[in-house]
Amino acid sequence: MTDQPEKLVTLTDRDGGNANAEFPVLEGSIGPEVIDIRKLYGQTGRFTYDPGFTSTASCSSKITFIDGEEGVLLHRGYSIEDLATKSDFLEVAYLILFGELPTESERAKFVNGVTYHTMLHEQINNLFRGFRRDAHPMAVMVAVVGALSAFYHEDLDINDPHNRLIASYRLVAKVPTIAAWAYKYSVGQPFTYPRNDLSYAENFLHMMFAVPCEEYKVNPVLAKALDRIFILHADHEQNASTSTVRLVGSSGASPYAAISAGIASLWGPAHGGANEAVVSMLSEIGSTKNIPDSIARAKDKNDPFRLMGFGHRVYKNYDPRASVLRESAHEVLAELGKEDDPLLPIAMELEKIALEDEYFVERKLFPNVDFYSGIILKAMGIPTSMFTAIFALARTVGWIAQWNEMVEDPEQKIGRPRQLYTGPKKREFVPIDDRG
Ligand code: SDX
């Protein structure tokens with residue numbers, strides 16, 4: 001990254017401090033340039049201040065590019081629209097992990113590798129039994145994925161590329177089994193083992209809904225819709241959960257522990273938990289006539305209510321994933337004969353009204369990936385509590401690709417941000433008898 005022609009920005013310190021400190025400006029292949037401030041503290045004695053990292057690039061990456069102003073999302077240069085309509089999830093997973101679309105033979109080898117890693121160590125079944133049946137699936141996933149680090153000691157040499165490859169296959173392959181079994185455990189049904197003759201999405205539906213008493217036929221419409229949802233959630237640059245995975249991984253921790261931390265971060269309602277919150281919000285609104293009141297509440301600073309599924313740190317335009325999902329929602333509901341699903345018209349009307357409202361227009365608040373995904377998943381018969389678990393299942397490939405990139409990046413070191421200290425200055429200890 002640093003072998004670029006010198007382009008400098010000068011920091012002039014008006015109060016005569018370290019005047020005229022100069023910093024290199026680095027250029028990526030597309031997108032904003034960055035000011036390389038690695039020497040800032042050494043040259044000026046000052047830190048930058050950027051809570052929430054709104055203007056901070058934490059790393060360089062070749063995996064995903066987002067243009068928030070234009071609503072563009074590329075994975076290794078391919079548009080999300082093309083990938084969602086012309087590819088399938090395991091092909092996109094290969095692209096995200098290895099950087100190129102696979103040839104026929106590369107694809108076959110990758111699919112085979114994932115397929116033959118989908119089973120869990122039988123001891124892991126016991127882990128589920130420690131939970132109450134009503135445990136949230138995300139809590140179960142955080143625990144069981146983290147526990148994988150106790151089952152694969154030989155994968156803990158993260159500097160060995162072959163170890164990293166095996167861990168990558170294991171996580172992409174086993175997280176769907178863990179997610180489906182979290183659901184099975186919650187409804188008191190026996191675990192369904194993966195089947196090697198099914199596609200990735202078909203296998204997940206099979207593990208979710210098959211029971212030992214009868215043959216389960218996977219609905220191809222649902223499988224295709226689910227595969228597309230997986231593609232749309234696969235990776236998304238340095239979002240909160242991906243940054244969590246990178247930060248945990250930067251200390252050399254197990255990739256299974258790092259992915260478990262990513263799942264924990266994704267669970268929050270401001271992040272991946274929003275898809276579950278959107279369906280709850282739409283159900284609470286209940287009718288299009290209640291939309292004006294909800295919009296008013298979302299704008300009221302004294303009301304914690306927010307329009308879930310709206311707004312995004314990066315997109316100041318329509319989230320391209322939301323556009324694909326909105327079309328997919330119509331298709332899936334029609335194909336399932338559920339065109340009269342009450343949530344879709346409420347979502348469409350809410351979107352229409354919000355996008356005409358000054359508050360949302362001024363703040364460039366558009367529907368994001370979570371706004372329509374829940375409507376599709378609900379129509380497919382997937383319980384709301386599993387929505388974020390499905391997001392985590394799909395995002396695992398992005399997290400593990402970003403983790404690999406971080407481990408291989410010669411410029412990366414353990415993440416250790418600084419702070420602006422606003423606490424008490426040094427003071428003498430006061431014995432308890434003198435504390436008044
Ligand atoms: C995901 O980062 C990623 O890439 C994430 C993700 C991925 O694929 O990994 O895309 C997935 O997490 C999508 C986001 C899902 N979350 C939600 O839908 C929850 C609702 N959205 C908000 O909580 C919010 O928009 C965030 C968290 C998504 C973004 O918040 P920011 O960037 O910190 O922006 P902000 O909270 O400072 O909001 C700016 C303004 C504020 O008003 P003012 O102080 O300027 O008056 O917009 C307002 C906010 O109050 N605002 C909203 C709003 N979102 C922002 N007002 C009402 N409803 C909302 N949804």
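Miscellaneous remarks
- In degrees, nearest ten, helix 255-266 long axis to first principal axis of the chain (Cα): 90
- Ignoring aspartates and glutamates fewer than eight residues from LYS62 along the same chain, the ones with Cα atoms less than 16 angstrom from its Cα are GLU27, GLU33, GLU100, ASP235, GLU237, GLU405, GLU408, ASP409, GLU411.
- For LYS378, the lysines whose Cα comes closer than 20 Å to its Cα, not counting residues fewer than 8 places off in the same chain, are LYS184, LYS217, LYS224, LYS338.
- Extended-chain gain in nm, criterion 0.36 nm per residue less alpha-carbon gap, SER29 and GLU411: 135.8 nm
- Remark: for residue pairs LYS7/LYS316; LYS301/LYS425; LYS316/LYS352, the C-alpha separation exceeds 26 Å in LYS7/LYS316; LYS301/LYS425.
- Whole-Hz couplings from phi, Karplus 6.51/-1.76/1.60, listed for segment 79-85; x for Gly and Pro: 6, 5, 5, 5, 5, 5, 9
- Of PHE47, PHE98, PHE191, the one that fluctuates the most in a GNM where the chain has Cα springs shorter than 10 Å: PHE47
- Segment 54-114: trypsin sites (Lys or Arg not before Pro) in DSSP coil with no more than 16 other Cβ atoms inside 10 Å: LYS62
- Furthest towards positive pole of dipole, THR48, SER79, VAL25, structure part segment 25-82, Cβ charges: THR48
- Using alpha-carbon coordinates, inclination of helix 240-249 to the longest axis of the chain, degrees: 70
- Selected from PRO137, PRO194, PRO212 as most flexible by GNM, with the chain as the system and alpha-carbon contacts under 10 Å: PRO212
- FRET efficiency, 1/(1 + (r/R0)^6) with R0 41 Å, evaluated for ARG38 and ASN112 via beta carbons: 0.45
- Counted by neighbouring Cβ atoms within 10 Å, the residues TYR372, TYR216, TYR183 run from fewest to most as TYR216, TYR183, TYR372.
- Trypsin sites (Lys or Arg not before Pro) restricted to segment 127-217 and DSSP loop, no more than 12 other C-beta within 10 Å: ARG129, ARG132, ARG133, LYS217
- Between 0 and 90 degrees, the angle of helix 387-408 with respect to the longest Cα principal axis of the chain falls at about 50 degrees.
- Simple spin-label estimate for SER79 and ASP197 gives 4.0 nm between the two label positions (7 Å along the Cα-to-Cβ direction from each Cα).
- Largest-first ellipsoid semi-axes for the chain, taking √(5λ) over the Cα gyration tensor eigenvalues, angstrom: 37, 29, 24
- Estimated [θ] at 222 nm from DSSP helical runs (n ≥ 4, -39500 (n - 2.57)) normalised by residues in the chain, nearest 500: -15000 deg cm²/dmol
- Ordering VAL145, VAL218, VAL211, VAL278 by the number of other Cβ atoms within 10 Å of each residue's own Cβ, fewest first, gives VAL211, VAL218, VAL145, VAL278.
- Using only alpha-carbon positions in segment 107-152, the gyration tensor eigenvalues give semi-axes of 25, 12, 9 Å once each is multiplied by 5 and square-rooted (largest first).
- For PHE310, nonlocal amide neighbours, meaning residues 5 or more places apart or on other chains whose placed amide H falls under 5 Å from its own, are ASN368.
- For the chain, the dipole from Cβ point charges (+1 on Lys and Arg, -1 on Asp and Glu) about the Cα centre works out to 1240 debye, to the nearest 20.
- Rounded to whole Å, the principal axis extents of the Cα atoms in segment 161-249 read 45, 27, 25, largest first.
- A Gaussian network model of the chain, with springs between Cα atoms under 10 Å, assigns the largest mean-square fluctuation among ASP157, ASP227, ASP293 to ASP293.
- Among ILE158, SER60, ALA173 - extreme Cα towards positive end, dipole of segment 52-187, charges at beta-carbon: ALA173
- With the simple spin-label model, which puts each label point 7 Å out from Cα in the Cβ direction, the SER251 to ILE166 separation comes to 2.5 nm.
Throughout, read-outs are computed from the coordinates displayed, never taken from laboratory work. None of these values were measured; they are calculated from a predicted model. Because the Cβ atoms are built from the backbone with ideal geometry, glycine has one as well, and the counts that use them run over all protein chains shown.
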